[in-house]
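Here the structure is laid out as structure tokens; the discussion comes afterwards.
We did not get these values from a lab; they are worked out from the coordinates using the rules stated. Computed from a predicted structure; not experimentally measured. Every residue, glycine as well, gets a Cβ built from its backbone with ideal geometry; the counts of neighbours run over all protein chains shown.
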Amino acid sequence: MVTRRAVGRALGLILLGVVLLGGYLSCYEPAYHGTLVPRPARPLVFAHRGFGNLGPDNSLYAVEHALAAGMDGVDMDGQLTQDSEIVIFHDLSVDRLTSGTGRVRDKTTAEMLALDLGPKYNPTIHGATVHTFEDFVRTVMARGGILMTELKVPGLGATGIERRAVDIIRRHDAYEHVVLSSFNPFVLYRVKQLDPRVRTCFIFMDTNWNPQLLAEIKPEDRVNLPWIVRREFIRRAMRKIIRPDLLSINHEVPAAVTDRLIAKGWPVFIWTVNEEPDIRAALARHPYGVISDQPVRAKQLRDQ
């Protein structure tokens, strides 16, 4: 016969186990032991959204110029169209960057590929049209660069973007040339479940919104970064669970957090550093890489 004392003891042990597990996940930061990411001799320089401020946002035109200028890689944004293709586009709606209107998710692939990113950036640039993620994979592979693509999803549930991205990487054997990134840990978890060979990058920041982000979206498209994802003890637990290969940390995150992760061996990108003092400060911390809207200047400072 099971006594009340035995039940209480069992429940106490279970509670203790839960507390210890929670403490391990949220407090202890083990050394990084990933094996998919080669260590560069010096920090990598990635051009933000194609070629930073030097080309049309998220355009293949910008990427070609960035790689020709010697960038190690590019940081882009991917979204699903209405017919389930991944296109490279930053904003949730097309209004700010093109002459079109409406949300990316409500448009077909053909409608998205017809949009020109050039004129809004520079009236003399025409033909810098939207392209698919697969187009970018081919281009970056051919030039020996690295394509980091943030997979943007509207919520926590699966949308199919992870499977589509993994299928493309697998088809082109692009494992060494593509990194899939996200603020959403569930996205990265699903990617690893589909193919553990695909490199993933967990993006995070401490502030919810900054003026630049607010200027780039319509009020109705605003999706808050949940409070819980902005707490370091929660992110520490997530890193143990989703096991990303890299981290991409906003430059406004406290230096103590970033420096501790670098000291633990994590391959850390610092984003988005644009002013020379910020670029110098980021490079001095010996990160895996920096992401900049002024990539040419960042490369010059890195090469000094």
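In table form, for the structure just shown:
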read-out	value
Long-range Cα-Cα pairs in region 236-304 (distance over 14 Å), rounded percent	55
Amide H contacts of VAL178 (H built 1.01 Å from N, under 5 Å, at least 5 apart or other chain)	LEU147
Euclidean distance of C-alpha centroids, region 127-161 and region 88-112, integer Å	15
Selection from HIS65, PRO43, MET76 lying farthest towards where the dipole of region 22-105 points positive, charges on Cβ	PRO43
Other-chain or far-sequence residues with amide H under 5 Å of TRP266's (modelled H)	TYR32
Label point distance in nm, ARG297-GLU276, each placed 7 Å from Cα along Cα→Cβ	0.8
For region 36-43, Karplus couplings with θ = phi - 60° (6.51, -1.76, 1.60), whole Hz, Gly/Pro x	8, 10, x, 8, x, 6, 8, x
For region 42-105, the spread of Cα positions along each principal axis, largest first, Å	40, 23, 16
Estimated FRET transfer efficiency (ASN122, GLU252; beta-carbon r; R0 30 Å; 0.05)	0.50
Rg/Rh for region 108-210, where both radii come from Cα atoms and Rh is the Kirkwood radius	1.01
Nitroxide proxy distance, nm - points 7 Å out along Cα→Cβ at ALA68 and ALA31	4.5
Estimated vicinal HN-Hα couplings, Hz - region 136-146 in sequence order (Karplus 6.51, -1.76, 1.60; Gly, Pro = x)	5, 4, 4, 5, 5, 4, 5, 9, x, x, 10
P(r) tail fraction, region 45-188 - alpha-carbon pairs more than 26 Å apart, %	18
